[in-house]
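Report on the structure given below.
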Number of protein chains: 2
Amino acid sequence: MTAPTPSRRLASAGAEPVRVPVPLGERSYDILVGRGLIDEAGPRIAALGCRAAAIVSDTTVAALYAKRLSASLQATGVRTATIAVAPGELSKSYETLAQVCDGLLAARIERSDLVVALGGGVVGDLAGFAAAVVRRGVRFVQIPTTLLAQVDSSVGGKTGINSPHGKNLVGAFHQPSLVLADTALLDSLPLREMRAGYAEVVKYGLIDDPHFFEWCERHWRGVFAGGPERDEAVARSCRAKAAVVARDEREDGDRALLNLGHTFAHALERMTGYDPRRLVHGEAVAIGLCLAFRFSMRLGLCPGQDAGRVAGHLATVGLPTRLADVPGGAGSADALLDAMAQDKKVKDGALTFILARGIGQSFIARGVEADAVRAFLEEEILAQS
Amino acid sequence: MTAPTPSRRLASAGAEPVRVPVPLGERSYDILVGRGLIDEAGPRIAALGCRAAAIVSDTTVAALYAKRLSASLQATGVRTATIAVAPGELSKSYETLAQVCDGLLAARIERSDLVVALGGGVVGDLAGFAAAVVRRGVRFVQIPTTLLAQVDSSVGGKTGINSPHGKNLVGAFHQPSLVLADTALLDSLPLREMRAGYAEVVKYGLIDDPHFFEWCERHWRGVFAGGPERDEAVARSCRAKAAVVARDEREDGDRALLNLGHTFAHALERMTGYDPRRLVHGEAVAIGLCLAFRFSMRLGLCPGQDAGRVAGHLATVGLPTRLADVPGGAGSADALLDAMAQDKKVKDGALTFILARGIGQSFIARGVEADAVRAFLEEEILAQS
């Protein structure tokens, strides 16, 4: 896989990036997908109109890319400052938010200036929230540096931090003015993080696009290798999420479909103490997707063949697919159900799930009996022990 | 003034409150003005649809009114919780914001529930901001308990906290769903706070409504005494501010008119270290209004008679009107100019001011020479020494 990569890069270096519009009225913006976008960031960001741009990143990503980005911006006459926080989920805190806000003010970022979030989901959520509240809102640009961030958190405008009461409980809806998804940045991403992001790519096929799922089955190697398939996977994922978000910006209805696999996933993350050494979000999603399909199958909604294909594909790329795959164990059915109840509103013993009638045929199922979930989880645990 | 008050209260107790609509599209809401509204808060808030309401207040106001409000809400079947912070500007901090957000989450406030801000400007700004960010936004209701909060901070949707870099630099535009301005709550307000709020009432007349200024000159005693004139003053002020805000919700243009007197006022507050023992905001505004008119006069824009009437009326109600009235002194002209420069963008030695061609004829003046401001301030200081 090493030989073709350089020529591919050369071939696409001068190519126009793929443009994915996110149509949200006066909050509309574009996602650009392509290799090498970070080096074109200066003129693209300057075109939005600003005197200064503050780059918010984590220390790991900043060491890799902040200088290149800063140089590109300065070359267009935009003044820059860089604010780097500690990497990891712990930076989604009140304290780090205060640190970033004060850093933006110290950098004399005005209402007409810009915040540039350079990093993965944590940086995007944190920097986006800081941008939403500093001077009651300045514009921001996302340059997501992980596959997960490119296909998930860069679309939708959800920003925020964690509270001791739970994840993402404090934040704002703040749409970016531009997203630059530079797929070449993923070349240096650890394989495990690449796989984790890929689980969310597959999810878009499973929600409502069976052709995209088939495409994934055929082309996943190119996505991982960094060929034009990677750009296509990122662009199709963004387009899919944008379509859902455009229908339901404030998450009152349809947007819940994006939670396919996530009720199980959040419970698994809680059970493993959000410890990335045991389970990262995308791995939890991979298991969650498989559980959602097998649960749908058990309820007589979905053919077993489809549930098998989902698990088969995710296993092929190296993702976990079963509760038994959780290092250290996922806990009992009761414990998992309790963890779900904390996440979702449980009304009179019933939960809301995203279930599926087949690949690409997911739907919102309200009033799912907690007892049915428990029985399913018990079976899963039994079958795998 | 004691005898007529009870009968007035009886007369208006059963009366319908005055309704001031704030037309902001899908963010439109009503301000209700009248005596005794706090005891009708339950059904009015419950009508917005919610299972729970969290009352955010400061310990002083909570001790006076939280139980009455809570009882009124509970009588309609709304679950309540009360979160009380320390009184005073220091509560507009990152730390207190975190405390209020976590308090709302601990009280299990959901997206469909409500936050009720019960207090003055500090509580309104803090609670409104917490409501804007908890679960990425829950609705909130304002019950302002000072005249200043009733006529100023309850209209416009500006919420926020202070940063070490300056006041109100971190926050959100978050419109309330309802404002209940209970003018009977002002009966217990200290006279000094009543006067301070009154300076903002007068400001609305000075901006663009000379008839309202005349009305103030005639009826201010009733405003202070708590008669129907108080309701009228609050309602007219809210209507005036609502009209400006409706034209310019995000403060990009016309809304700057509301800053009449405030460039001087902010400089005075900065010079007195934001120490309320020396100067409270409304007192600074009173001096600022007089300075804005005298400066306009000095620039040949405004008749001296109008500047005299402004200062005359504010002095009549007991408000300060001159730099010399600042306890401990207001500092030199240069020091004041420096303090202004921190507040406003100074472009090439020029400032933006709100000036006036007469009472009710204010306008945005860009490019006011710093030298002209300095010379004016030097004259003021000289004339008063």
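No lab work stands behind these numbers, since they all come straight from the coordinates. What you are looking at is a predicted structure, and each value in this text was computed from that prediction instead of being measured. Backbone-built Cβ (ideal geometry, glycine too); neighbour counts: all protein chains shown.
Odds and ends about this structure:
- Between B:Asp254 and B:Gln342, the modelled labels are 3.3 nm apart [label points 7 Å from Cα along Cα→Cβ].
- In nanometres and ascending order, the distances from the A:Gly318 label point to those of the other copies are 7.7 (point 7 Å from Cα along Cα→Cβ).
- Within chain B, the selection of entire DSSP H helices by a Cα span of 15 Å or greater along the long axis and an average Kyte-Doolittle value of at least 0.0 returns B:94-106, B:121-133, B:281-298, B:333-343, B:370-384.
- Dipole moment magnitude, nearest 20 debye, the protein assembly as shown about Cα centre, only Lys, Arg, Asp, Glu C-beta charged: 280 debye
- Note on chain B: the C-alpha convex hull projects to 18.0 nm² when averaged across all orientations.
- Charge dipole (chain B, unit charges on Cβ, about Cα centre) - positive-most of B:Ser28, B:Ala375, B:Gly288: B:Ser28
- Working from the Cα coordinates of the protein assembly as shown, the gyration tensor eigenvalues give, after taking √(5λ), semi-axes of 54, 32, 19 Å in decreasing order.
- Taking the Cα centre of the stretch B:74-187 as reference, the dipole from Cβ charges on Lys and Arg (+1) and Asp and Glu (-1) amounts to some 400 debye.
- Shape of the stretch A:292-361, Cα gyration tensor, a/c cut at 1.5: oblate
- Links that overshoot a 31 Å alpha carbon limit, given the list A:Lys92/B:Lys167; A:Lys67/B:Lys167; A:Lys203/B:Lys158: A:Lys67/B:Lys167; A:Lys203/B:Lys158
- Between A:Gln305 and A:Ala372, the modelled label-to-label distance comes to 2.4 nm, taking each label 7 Å out from Cα in the direction of the beta carbon.
- Teacher prompt: A:Arg250 distances to equivalent labels in other copies, 7 Å Cα→Cβ, nm: 1.7
- Cβ-based charge dipole, the stretch A:226-319, positive-most Cα from A:Pro303, A:Ala256, A:Pro276: A:Pro303
- Cα-based shape type of the stretch A:145-190, given that a ≥ b ≥ c are square roots of the gyration tensor eigenvalues and the cut on a/c is 1.5: oblate
- FRET efficiency, B:Leu48 to A:Arg79 (Cβ-Cβ, R0 56 Å, nearest 0.05): 0.80
- Overall dimensions of the stretch B:203-383 by Cα: Rg and Dmax, Å: 15.9, 50
- Rounded, prolate or oblate (a/c below 1.5 giving rounded, otherwise prolate when a/b exceeds b/c) for the stretch A:174-294 by Cα gyration tensor: rounded
- What the Cβ-Cβ distance of A:Arg247 and B:Glu217 gives, at R0 = 45 Å and to the nearest 0.05, is a FRET efficiency of 0.20.
- Cα→Cβ-extended label distance, 7 Å offset, between A:Asp30 and B:Thr316, nm: 6.2 nm
- Taken about its Cα centre, the stretch A:203-383 carries a charge dipole of roughly 240 debye when the Cβ of each Lys and Arg holds +1 and the Cβ of each Asp and Glu holds -1.
- The stretch between A:His165 and A:Ala383 holds 75.1 nm of extra length on full extension. This uses 0.36 nm per residue minus the Cα-Cα distance.
- Scaled against 2.2 N^0.38 Å for its residue count N, the alpha carbon radius of gyration of the stretch A:6-188 is 0.95.
- Only helical runs count toward this figure. For chain B, summing -39,500 (n - 2.57) over DSSP H runs of n ≥ 4 and dividing by all residues gives -14000 deg cm²/dmol at 222 nm.
- Label distances, nm, B:Arg79 versus same residue in remaining copies, Cβ-directed 7 Å point: 5.0
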